[in-house]
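All remarks here apply to the structure that follows.
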Amino acid sequence: MTVTLNLTPEVEAGLLSQAQANGMTLQEYLLSMVEGVALSAKQKAMSPEERAAAFEAWSAGHRPSPDLSDYAVSRESIYEGRDH
C-alpha cells in the first residue's frame, strides 16, 4: 500500500532528523513507526511465550554491534570531564 502524507516542513525536518539518528531513511523510519503501532495492539493479545518469540525474531533482524569495553561503561567514563 502507498500512502501520501502532507507534512509541515517542521514535522518533516523533525522526522528526518530522527530517522538519520537511527541510521534510517525517512521511509524506513516511518514504516518502522507505523509497524510498531500496528503490532503493539496485536502483541497485547499475545501470550508471554508468543511475545518472547516475537522479540527474538525482531532482535534477529538488527545488525550486531561490538561489545562496550569495561572502561566505556565505568563510572569514570560516564563522568569524565566533569568537576568533582
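When shorter helices are ignored and each DSSP H run of at least 4 residues is given -39500 (n - 2.57), the per-residue value for the chain at 222 nm works out to -18000 deg cm²/dmol. Over 5 Å intervals from 0, what percent of Cα-Cα pairs in the chain sits in each interval? Going out from 0 Å in 5 Å bins, the chain shows 3, 10, 12, 15, 13, 14, 14, 11, 5, 3, 0, 0 percent.
Ellipsoid fit via the Cα gyration tensor, the range 44-84: semi-axes of 37, 14, 8 Å, each the root of five times an eigenvalue, largest first. Ranked by the mean number of other Cβ atoms within 10 Å of their residues, highest first, the peptides 64-75, 20-31 fall in the order 20-31, 64-75.
Since every read-out is calculated from the coordinates, none of them should be taken as a lab result. A quick note: this is a predicted structure, and the numbers were derived from the prediction, not measured. For neighbour counting, all protein chains shown are included, and Cβ atoms are generated from backbone atoms with ideal geometry for every residue, glycine included.
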